[in-house]
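The values are calculated or read from the model by the stated rules, or taken from the named source; none is laboratory data. Worth saying up front: this structure is predicted, and the values here are computed from it rather than measured. Counting neighbours? That spans all protein chains shown, and the Cβs are built from the backbone with ideal geometry, glycine included.
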């Protein structure tokens, strides 16, 4: 407890709570034999190409269906399915390829990383560094630029963001800003100098492509070009946001134990495919170099040292929504995840305690 | 002044892998390449001081286990961001089944 007056926490990276995070060695890792971990970390171009080839193939086929049915009511279900592959499929693949773990061959990771970044309206350079910080200081206030639900959380914001309205528009704003060579103070905290020029140029290219699509739509007097490129990032990313909201919402802040600040949720095979197995989120954060296709095996290795996985997204939301509603009244509240009896306890860590406004 | 120090036995490291070697308060990483050569670098990633010994060796690349910063462990050259600063390398020699590193 400090002698500060009660207040909400400052989630910016330059504010009053921007204090040092945890040392890398302080983060808890469930024990796993080195030999087994090496097996799990192995990259496979074949597995990466099967998954991403299927994703691109389905995106192209459903896009063609949308073109073929345009003007009829059949275009609605076609757009619905196409949007999921484009908007939701791209967001998880941006993430996976950003970690560089999908393919053994580096240029394949880079090609899919840049493609998926464009499709999810993300600047690949800025987000690589933002996500690097997210892994260094996961849900550490004043350090992690990717805390999706600062307390008190906005439930309305969570649901409006199913159509990417909150963060998607922010990404467009960022695209314009970076095109002009401007960074916010927070962005300057994590995007190193040498990566800024390519970040600016990439945003210019993204913006030029999107403006061209707008131009083609105006020229052809049709929404179709925009329904194929640009808008699917909004109308199709709902599935990704629905699944991704469960990653950390309502859980502990400032605790270097991913078992207690992240969720692992079981999903059906289709959702897992779209989401690239990021539902194994505890495992992903604990061992970020394990590619998505071996995360289920990693889960089996360490699950006895982790809180029980959620049986479905609905089960996770059943816990999350009441916790977030309570955080609106009491920002000190968070869900305490139960560790199994045989699990290693969370080591004792010290980071300054804060007083919240209530 | 040269200071050759025994780091490990050759069989202590699997092919295409590495181990951590601590000496005089410093941490080093000793590698065995796919072609059975041995190399040594500083043991901590130049990005955020994470132990490289927990990372993955692929051919001649060591990958940091935290953020996938990559280095060519033969030269120490940083190959992928967020690693931007090269690793320091150290001479290695193998004698009688033992790996020696010339440390400071």
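Specify which of the listed residues (A:159, A:103) is within 14 Å of chain B (Cβ to nearest Cβ) and either more than 13 Å from the chain's Cα centre (by Cα) or closer than 20 Å to residue A:228 by Cα (or both). Show your work before the answer.
On the way: A:159 fails: within 14 Å of chain B (Cβ to nearest Cβ).
That would be A:103, the only listed residue that is within 14 Å of chain B (Cβ to nearest Cβ) and either more than 13 Å from the chain's Cα centre (by Cα) or closer than 20 Å to residue A:228 by Cα (or both).
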Of the criteria (1) part of a helix (DSSP H, G or I); (2) crowded, with 24+ Cβ neighbours inside 10 Å; (3) within 14 Å of chain B (Cβ to nearest Cβ), which one residue A:138 fails: (1)
Given (1) touching a residue at least 12 places away in the same chain (Cβ under 8 Å); (2) surrounded by 18 or more Cβ atoms within 10 Å (Cβ to Cβ), number of the condition residue A:213 does not satisfy: (2)
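Taking the criterion of being outside any loop (DSSP other than H, G, I, E, B) and without any contact (Cβ under 8 Å) to a residue 40 or more places away in the chain, would at least one residue in the range A:82-92 satisfy it?
To start, the set of residues in the range A:82-92 that are outside any loop (DSSP other than H, G, I, E, B) comprises A:82-92.
Still in the list and also without any contact (Cβ under 8 Å) to a residue 40 or more places away in the chain: none.
Within the range A:82-92 (the criterion being outside any loop (DSSP other than H, G, I, E, B) and without any contact (Cβ under 8 Å) to a residue 40 or more places away in the chain), the answer is no, since none of the residues qualifies.
Taking into account only those residues within the range B:65-95 that are assigned to a loop (DSSP other than H, G, I, E, B) and within 8 Å of another protein chain (Cβ to nearest Cβ), which is farthest from residue A:290 (Cα to Cα)?
First, pick out the residues of the range B:65-95 that are assigned to a loop (DSSP other than H, G, I, E, B): B:65-69, B:73-76, B:81-88, B:91.
Of the ones still in play, those that are also within 8 Å of another protein chain (Cβ to nearest Cβ) are B:65-68, B:81-82, B:84.
Working: B:65: 9, B:66: 10, B:67: 11, B:68: 10, B:81: 18, B:82: 18, B:84: 22 Å.
Among those residues, the one meeting the criterion is B:84.
Residues checked against (1) modelled with pLDDT of 95 or more; (2) surrounded by 15 or more Cβ atoms within 10 Å (Cβ to Cβ); (3) touching a helix residue (DSSP H, G or I) at 6+ places or on another chain (Cβ under 9 Å):
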residue: A:23; (1), (2), (3): no, no, no
residue: A:30; (1), (2), (3): yes, yes, yes
residue: A:35; (1), (2), (3): no, no, no
residue: A:45; (1), (2), (3): yes, no, yes
residue: A:62; (1), (2), (3): yes, yes, yes
residue: A:66; (1), (2), (3): yes, yes, yes
residue: A:77; (1), (2), (3): yes, no, yes
Lone qualifier among A:126, A:108, A:115 - being within 14 Å of chain B (Cβ to nearest Cβ), in a helix (DSSP H, G or I), at pLDDT 95 or above and surrounded by fewer than 20 Cβ atoms within 10 Å (Cβ to Cβ): A:108
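State all residues of the range A:193-226 that are in a loop (DSSP other than H, G, I, E, B) and either out of contact with any helix residue (DSSP H, G or I) (no Cβ under 7 Å at 6 or more places or on another chain) or under 17 Å from residue A:119 (Cα atoms) (or both); if no residue qualifies, say none. Full working, then the answer.
Start the filter on the range A:193-226 by keeping residues that are in a loop (DSSP other than H, G, I, E, B), which leaves A:221-223.
Matches in the range A:193-226: A:221, A:222.
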In the range B:27-48, the residues that are farther than 16 Å from residue B:91 by Cα and more than 14 Å from chain A (Cβ to nearest Cβ): B:35
Criterion violated by residue B:57 - all others in (1) within 12 Å of another protein chain (Cβ to nearest Cβ); (2) modelled with pLDDT under 95; (3) buried (at least 22 other Cβ atoms within 10 Å of the Cβ) satisfied: (2)
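Hey, could you check the range B:14-30 for residues that are surrounded by 14 or more Cβ atoms within 10 Å (Cβ to Cβ) and touching a residue at least 60 places away in the same chain (Cβ under 8 Å) and say which is farthest from the chain's Cα centre (by Cα)?
B:23
Within the range B:96-104, does at least one residue satisfy the condition of being free of Cβ contacts under 8 Å to residues at least 60 places away in the same chain and either within 11 Å of chain A (Cβ to nearest Cβ) or in a strand (DSSP E or B) (or both)? Before you say what the answer is, go through the steps one by one.
Our first condition is that a residue be free of Cβ contacts under 8 Å to residues at least 60 places away in the same chain; within the range B:96-104, this holds for B:96.
Subsequent filtering for residues that are either within 11 Å of chain A (Cβ to nearest Cβ) or in a strand (DSSP E or B) (or both) retains none.
No: the range B:96-104 contains no residue that is free of Cβ contacts under 8 Å to residues at least 60 places away in the same chain and either within 11 Å of chain A (Cβ to nearest Cβ) or in a strand (DSSP E or B) (or both).
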Positions within the range A:20-34 being within 11 Å of another protein chain (Cβ to nearest Cβ), farther than 24 Å from residue A:190 by Cβ and in a loop (DSSP other than H, G, I, E, B), in sequence order: A:32
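Does at least one position in the range B:27-44 carry a residue that is part of a loop (DSSP other than H, G, I, E, B), on the phi > 0 side of the Ramachandran plot and touching a strand residue (DSSP E or B) at 6+ places or on another chain (Cβ under 8 Å)? Spell out the reasoning first.
Kept after step one, since they are part of a loop (DSSP other than H, G, I, E, B), are these residues of the range B:27-44: B:33-37, B:43.
Of the ones still in play, those that are also on the phi > 0 side of the Ramachandran plot are B:36.
In the following step, the residues that additionally are touching a strand residue (DSSP E or B) at 6+ places or on another chain (Cβ under 8 Å) were identified as none.
No, the range B:27-44 contains no residue that is part of a loop (DSSP other than H, G, I, E, B), on the phi > 0 side of the Ramachandran plot and touching a strand residue (DSSP E or B) at 6+ places or on another chain (Cβ under 8 Å).
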